Amino acid sequence: MYFTTTRLHQELAGGKFEDIIIDEAHDAENEFPFKGNVDLTKLEKLIKKYGAKKIPYVSIATSVNMAGGQPISMKNLRELRALTKKHGIRVIHDMTRVAENAYFIQQREKGYQHNTIKEIVKEINSYTDGATMSAKKDALVNIGGFLAVNDWDVFEEARNMVVVYEGLHTYGGLAGRDMEAMAIGITESVSDAHIKARVGQVIYLGQKMIEYGVPIVKPIGGHGIFVDAKKFLPHIPQHNFPAQTLAAEIYLDSGVRTMERGVVSAGRKANGENYFPKLELVRFTIPRRVYTQAHGCNCRIGCKGLRSPK
Ligand SMILES: *Cc1c(COP(=O)(O)O)cnc(C)c1O
């Protein structure tokens, strides 16, 4: 599934973006536990249509943001690796939310209950040829990220480009202090206790919203709650931007900053026409290590925020 800036960079580089996520990902109601999976049949069709040489890489994401923070399974990754290996196609991994995805594998996939998050992250990466990381998400820092690749030639080429776009490769546009913070953030992000509390908080809010009858994407994702704006504002047609409208109204009403993930985020075609994605969502992303459900309760009986206001 597209991610805004990832797709833009692919298009700026002269590529054509193709969505090969499973159909379940485009259905807010479907409770399939791994809605981030790649549809291997769709990929095989593309290989047949264009030839493997025209496909520079398969871009996978852990977890898939635009589908509502949905994970990819280890089984699907293993099968994807086998298929791409056969055709000599690289797998490039957007690992921005890899720790959250690993948590869902540990919780939901057979055979991983006794693996640590660290071990699962390592296995995920073993099926890929390279990765990009926006470290201000799972890796808990204010700024920064990295590119990692297995292929020395690609590394060398990227390293030379860093000089032009970011700064010398030894710091990659980041202050030494920020790189130190990132190293610590990566370590802490794969701690089992941390990620359990983190995803637990997201699920807590999601369940509250379900209790209040808010239509949200299911299953609840790893980093936020995604409200189905078409269902919430059924009188607003998609060309009038229901998710953008809802995000604006939420801000006016409460000061809470959400994010439109629908027709506006999907961008426009070269001819100026809108893309109309099936999902028209408002994302409530939960900041890491800021508040927990123990904060912010204004009742006087010391329930620590665990009860719903009546
Ligand atoms: C935030 C994000 C990016 C972009 O990272 P920046 O650090 O904001 O440039 C890429 N992919 C995913 C999945 C993201 O959530």
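The values are calculated or read from the model by the stated rules, or taken from the named source; none is laboratory data. Not measured: the values here are computed from a predicted model. In this analysis, Cβ positions are derived from the backbone assuming ideal geometry, glycine residues included, and neighbour counts consider all displayed protein chains. The area values use the complete protein model at the heavy-atom level, side chains included, leaving out ligands, DNA and RNA. Shrake-Rupley method; radii C 1.70, N 1.55, O 1.52, S 1.80 Å.
GNM remark for the chain: springs join alpha carbons under 10 Å apart, and the peak mean-square fluctuation among Val190, Val264, Val217 falls on Val264. With a threshold of 22 Å on the Cα-Cα distance, the over-threshold entries among Lys42/Lys85; Lys49/Lys85; Lys42/Lys86; Lys48/Lys110; Lys16/Lys136; Lys54/Lys136 are Lys48/Lys110; Lys16/Lys136; Lys54/Lys136. Largest accessible area first, the listed residues Ile210, Ile250 line up as Ile210, Ile250 when surface is computed with a 1.4 Å probe on the assembled protein chains. For the Cα trace of the chain, dividing Rg by the Kirkwood Rh returns an Rg/Rh value of 0.97. Between Val163, Val58, Val98, find the one with the highest GNM mean-square fluctuation for the chain; connect C-alpha pairs within less than 10 Å. Answer for the Gaussian network model of the chain: Val163.
Net charge dipole, the chain: roughly 500 debye, given to the nearest 20, about the Cα centre with Cβ charges of +1 for Lys and Arg and -1 for Asp and Glu. Estimated from helices alone, the mean residue ellipticity of the chain at 222 nm is -12000 deg cm²/dmol (sum of -39500 (n - 2.57) over DSSP H runs with n ≥ 4, per residue). Working note: Cα atoms of region 1-138, range along each principal axis, descending, whole Å: 41, 30, 30.
Think of each Lys and Arg Cβ as +1 and each Asp and Glu Cβ as -1; about the Cα centre, that makes the dipole of region 1-108 roughly 740 debye. Taking a straight line from the alpha carbon of Lys231, these lysines sit under 22 Å away, with near neighbours fewer than eight places off in the same chain left out: Lys35, Lys208, Lys218, Lys278. Taking trypsin sites (Lys or Arg not before Pro) across region 1-105, the ones in a DSSP loop with at most 11 further Cβ atoms lying within 10 angstrom of their Cβ are Lys16. Among the GluC sites (Glu not before Pro) found in region 15-53, those both in a DSSP coil and sparsely packed, with 11 or fewer other Cβ atoms within 10 Å of their Cβ, are Glu29, Glu31.
The tail of the calculated P(r) for region 57-128 beyond 19 Å holds 29 percent of all Cα-Cα pairs. Accessible area per residue (1.4 Å probe, heavy atoms of protein chains only) ranks Phe226, Phe232 as Phe232, Phe226, with the largest value leading.
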